[in-house]
Amino acid sequence: MRTVAFVVGGALSAGLLSCSTDSGSKPATPAAAPATATENPLTRRGGPLRQQWAMDRLWEDGKAEVATYEAERVVYGEPRRFDFTLITVKEEFNQQYNVKTDDTRRKDVFPVMKVNQFCTIPTEQYPYHFLTSLFFRRDQPAQLYKLTTSSQEWCGNTFKAILDDGMQYVQTYNSYWDGQGGGQRQLRRVVLFEDALPYTLRSLRFEALPTFKADVYELQQTNQAPPPVLYHAQIRTEDALTADTPEPAWCVTVALTNQKQNVYWFGKRYPNVLLRQSTWDGRTLRLKQVRRYVYWPVAAAGSAAPDTAAATPAAAER
């Protein structure tokens, strides 16, 4: 196999955890917005990502891919164990409201891929609840179209929304934290989002073992709403070690800085399910099961049944 390098803005960076060796780095920079729209090199034909990844007929069956993970995240200085659910499904959006449409006969309808990330994290004080919804145009896995994320716990709730207006990302936020409150800010458009990497990286041209640079905004699934840090990251693809996952996998290392590195493992078979994740701040995921079924209420009860009651990672569909 050959390794292909792509330059997508930003600078080289590396981390403490990896599949193999480290590389050079430059520090993160504050968030900023461009004056004019800029083409995203990651969306170009022949780049490191397959723009048609989500066009497979698999996503036409009307069902959602529901993946459940054994998860861990540090809260109040202690690692907390919980279940993390990641849902991927095709939906039809309308441009007027930028939400799932009830009328597919509208002229402003277009297909998107929705990715929902949900978890409840128990602590001695009270539970934390997080829900993040990400939307991508079906043929644009690298270009986030819309993101909403919220947190709820006994101290208060926080909500953030990011929308691509064609020129830049506009973030609207409402936080219970002093110094934040509510407001709006502009973000760069030619970027990736850390929250989106479990989906976007599934579309990599894995066989070419791509290595490339990209600017990445920090995780938004938090209970605060400060201006997000923008990292100049290096992304590297390798064959995963056989001991790392229960089935053949690709290992993708995202080096945000020298000290901040995330590692993702994706199944080699399409649809390249995320099998495992380990991040610099102590967030881990390990796949328990993946199913395809209609999780929302439907008129016909029989159509809501999953394809399999408890598919293991090795037995995941396709």
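Does any residue of the stretch 118-140 turn out to be in contact with a helix residue (DSSP H, G or I) (Cβ under 9 Å, 6 or more places away or on another chain), of a type in the set (A, V, I, L, M, F, W, C) and part of a strand (DSSP E or B)? Looking for residues that are in contact with a helix residue (DSSP H, G or I) (Cβ under 9 Å, 6 or more places away or on another chain), of a type in the set (A, V, I, L, M, F, W, C) and part of a strand (DSSP E or B), one finds at least one in the stretch 118-140, hence yes. Return the residues of the stretch 115-142 that are in contact with a Leu (Cβ under 8 Å, 6 or more places away or on another chain) and under 20 Å from Val216 (Cα atoms); say none if nothing qualifies. Listed by number, the residues that qualify are Val115, Asn116, Gln117, Thr132, Ser133, Leu134, Phe135, Phe136, Pro141, Ala142. The single condition among (1) surrounded by fewer than 20 Cβ atoms within 10 Å (Cβ to Cβ); (2) under 24 Å from Leu58 (Cα atoms); (3) of a type outside the set (Asp, Glu) that Pro127 does not meet is (2). Among the residues of the stretch 112-128, those that are under 19 Å from Ile87 (Cα atoms) and either polar (S, T, N, Q) or free of Cβ contacts under 8 Å to residues at least 24 places away in the same chain (or both) comprise Asn116, Gln117, Thr120. Every listed requirement among (1) surrounded by 17 or more Cβ atoms within 10 Å (Cβ to Cβ); (2) among the basic types (Lys, Arg); (3) in contact with a Pro (Cβ under 9 Å, 6 or more places away or on another chain) is met by Lys213 save one, (3). Considering (1) exposed (fewer than 12 other Cβ atoms within 10 Å of the Cβ); (2) assigned to a loop (DSSP other than H, G, I, E, B); (3) not aromatic (Phe, Trp, Tyr), the lone condition that Pro79 does not fulfil carries the number (2). Applying the set (1) surrounded by 17 or more Cβ atoms within 10 Å (Cβ to Cβ); (2) at pLDDT 95 or above to Gly156 leaves exactly one unmet item: (1). In this structure, Gln117 qualifies as surrounded by 16 or more Cβ atoms within 10 Å (Cβ to Cβ) and at pLDDT 95 or above.
In the stretch 97-105 there is at least one residue matching the filter, namely being among the charged types (D, E, K, R), surrounded by fewer than 18 Cβ atoms within 10 Å (Cβ to Cβ) and not in a loop (DSSP other than H, G, I, E, B). Each residue in the stretch 85-125 was checked for being farther than 30 Å from Ala71 by Cα and of a type in the set (A, V, I, L, M), and 1 of them qualify. Answer yes or no as to whether Val263 is touching a Ser or Thr at 6+ places or on another chain (Cβ under 6 Å), at pLDDT 95 or above and either among the polar types (S, T, N, Q) or over 19 Å from Thr85 (Cα atoms) (or both). Answer is no for this residue. Selection of the stretch 171-215 for residues being within 30 Å of Tyr69 (Cα to Cα), assigned to a strand (DSSP E or B) and among the aliphatic types (A, V, I, L, M) yields Leu192, Leu204, Ala214.
The values are calculated or read from the model by the stated rules, or taken from the named source; none is laboratory data. Just so it is clear, the model here is predicted, and its values are computed rather than measured. Backbone-built Cβ (ideal geometry, glycine too); neighbour counts: all protein chains shown.
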